[in-house]
Amino acid sequence: MALVCAVSVSAQTAEEMQASKERAAKLEKLVQPKNCGIATVDGLTSSAGLVAVESIQITPLLQGMYYRSIGQTEDGVTDVTVKKPTLEELTELSARIGTQAAAVAAATKLVAAAGEELKGVKNPMKLAAATKSVKYSKDVLEIVGVESAFQVKAIADMIKTATSNDNL
């Protein structure tokens, strides 16, 4: 019975949680370049850096709630004394994830403008720095885009489970 409950608690799997942890680790390894002096590119780089930091902070919170919701420690050990996350905790994290998803969408819109501005740069040193910044931003937004989509789905599933059949 406990196994059936644990499986039905969440549509996420341990593999998905591990992939999420790996995405966070990739983000942590990326180093935000210094400003290159091109306003649009610097704005994109700054936005990408902020969403990376936020995603890195959200991932362990989401994972902790996931493991609590299935009655396990983060090491995967079943523990009946683990307190399930409250609907309030889940809703607060959901709002934070929603804000993060909106920030990713806004940062993604800056990529085209930054690319256009790069076309007019003649100084090779400035162009190299700006290109490095745009690459960093694209790498971050690619990873965070996947992670944000996962986070939105995961928290929605946890809230759905928490509100069904008076699960809390």
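Around Gln72, which amide H atoms from residues at least 5 apart in sequence, or from another chain, sit under 5 Å from its own amide H, with H modelled in the peptide plane?
Asp79
Just order 134-142, 87-95 by mean Cβ neighbour count inside 10 Å, highest at the front, would you?
134-142, 87-95
With a Förster radius of 25 Å, plug the Cβ-Cβ distance of Val82 and Lys153 into 1/(1 + (r/R0)^6) and report the FRET value to the nearest 0.05.
Plugging the Cβ-Cβ distance into 1/(1 + (r/R0)^6) gives 0.65.
Where does helix 124-163 land angle-wise versus the long Cα axis of the chain, in degrees 0 to 90, nearest 10?
Computed tilt is about 20 degrees.
For Thr131, Thr81, write out the residues from largest to smallest accessible area, computed with a 1.4 angstrom probe and no ligands counted.
Largest accessible area first, the residues go Thr81, Thr131.
Where the accessible area of the chain is counted over protein heavy atoms with a 1.4 Å probe, how much of it, in %, is carbon and sulfur?
With neighbouring chains kept in place, the figure for the chain is 61 percent.
Hey, got the dipole for the chain? About the Cα centre, +1 on K and R Cβ, -1 on D and E Cβ, debye to the nearest 20?
About 780 debye.
Please name whichever of Ala106, Leu90, Ala39 sits farthest to the positive end of the charge dipole of region 23-168, dipole taken about the Cα centre and charges placed at Cβ: Lys and Arg +1, Asp and Glu -1.
Farthest along the dipole direction, towards plus: Ala39.
Excluding ligands, DNA and RNA, what is the solvent-accessible area per residue of the chain at a probe of 1.4 Å, expressed in Å²?
Result: 56 Å² of accessible area for each residue.
Could you tell me which residue out of Thr131, Ile56, Phe150 lies farthest along the dipole of the chain toward its positive end? Charges go on the beta carbon: Lys and Arg +1, Asp and Glu -1, centred on the Cα centre.
Toward the positive end, the furthest listed residue is Thr131.
In degrees between 0 and 90, to the nearest 10, how far off the longest principal axis of the chain does helix 87-119 point, with axes built from Cα atoms?
20 degrees
Note down the relative contact order for region 30-104 as a percent, whole number, built from C-alpha pairs under 8 angstrom at least six residues apart.
Normalised by residue count, the contact order of region 30-104 is 26 percent.
For P(r) over Cα pairs in 10 Å bins from 0, in percent, one of (i) 10, 35, 26, 16, 9, 4, 0; (ii) 8, 16, 22, 24, 15, 8, 4, 2, 1, 0; (iii) 10, 38, 37, 13, 3, 0 was computed from the structure I shared and the rest are decoys. Which label?
(i)
Given the DSSP H assignment, sum -39500 (n - 2.57) over each helix run of at least 4 residues in the chain and divide by its residue total; what's the result at 222 nm in deg cm²/dmol, nearest 500?
Mean residue ellipticity at 222 nm (helix-derived): -27000 deg cm²/dmol.
Local charge sum around Val140 (other residues, Cβ-Cβ under 14 Å, Lys/Arg +1, Asp/Glu -1)?
+1
If each of Thr131 and Ala102 carries a label point 7 Å out from its Cα toward its Cβ, how far apart are those two points in nm?
Placing both labels 7 Å along Cα→Cβ, they lie 3.7 nm apart.
Using only alpha carbon pairs under 8 Å that are at least six residues apart, calculate the relative contact order of the chain and give it in whole percent.
In percent, rounded to a whole number, it is 36.
The values are calculated or read from the model by the stated rules, or taken from the named source; none is laboratory data. Please read all numbers here as calculations on a predicted model, not as lab measurements. Neighbour counts are summed over all protein chains in view; Cβ atoms, including those assigned to glycine, are modelled from backbone coordinates with ideal geometry. Protein only, heavy atoms only, side chains kept; ligands, DNA and RNA dropped before computing areas. Shrake-Rupley method; radii C 1.70, N 1.55, O 1.52, S 1.80 Å.
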